[in-house]
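Just below is one structure, and these are the notes that go with it.
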Amino acid sequence: MTRRQPGLLTLFAFLLLAVLPLKVLAQASQTGASGLTVPRFVSLKSDRVNVRVGPSREHNIAWTFVQAGLPVEIIQEFENWRRIRDWEGKEGWVFHSLLSGRRTALVTPWETTGRTPLRARSKSDADIVAELEPKVLTTVEECAGGWCKVSGEGYEGWLDQTRLFGVYPDEVIN
C-alpha cells in the first residue's frame, strides 16, 4: 500500500492554479520588440510591399502586395521586422517602415457574393445608407459595442464588426 504525503498534492494543486492564469494572461497580451501589443492590426503604407520568408533582406520574397492600405495582422516581431498575416491566412515578414498604424478593414473578404448593409447608426434596425460588396477596403474611424464606423470614397456609416477583417471581435477603437 502506497502512502501519500498530504502536503505534496496540495502544493501541486496550488502551483497549478497559480501558474495557469499567468500563462493564459501572457498569451493574451504580449509585447513585441516595438513595445506595442502583439497581435495587432495595421495597414500597408505603400503600393508595393515585399513579403519575405524570413526577417531580413537576405530572405527570399514570398509575394508582393500591390495595394496600399490593406489591413494585415502583426503576429510576431523580430528587431525591425514584423511577421504579418493577411485575410487569407498567408504569413510572411515585412520591414516595419512599410506598415502604418492607420486602421483599415476589408468587408467580408471571405465571401464571394452578397452585400453588407452600411447603416446610418450603430443599430441593426438603423436605416441602410449603402450596401458594400465583399473585399471593399474601408477606413475604420471607431468601433464599440460590436459596430464600427467606417468611411471610404462617397460613403460613411456603421458596419457589424463581425463583417470586417482588420478589427478584432469586440475591439474598441476610439
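Read-outs: derived from the displayed coordinates by stated rules, not from any lab. Small disclaimer: the values here were computed from a predicted structure and weren't measured. Note that each Cβ is placed from the backbone with ideal geometry, even for glycine, and that neighbours are counted across all protein chains shown.
At a glance:
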item	result
Region 150-174: number of residues that are over 25 Å from Val38 (Cβ atoms) and crowded, with 19+ Cβ neighbours inside 10 Å	3
Verdict on Ala105 being touching a Phe, Trp or Tyr at 6+ places or on another chain (Cβ under 9 Å), loosely packed, with under 15 Cβ neighbours inside 10 Å and assigned to a strand (DSSP E or B)	no
Tally of residues being assigned to a strand (DSSP E or B) and without any contact (Cβ under 8 Å) to a residue 12 or more places away in the chain across region 118-140	1
Search result, residues across region 78-105 that are touching a helix residue (DSSP H, G or I) at 6+ places or on another chain (Cβ under 7 Å) and of a type in the set (Asp, Glu)	none
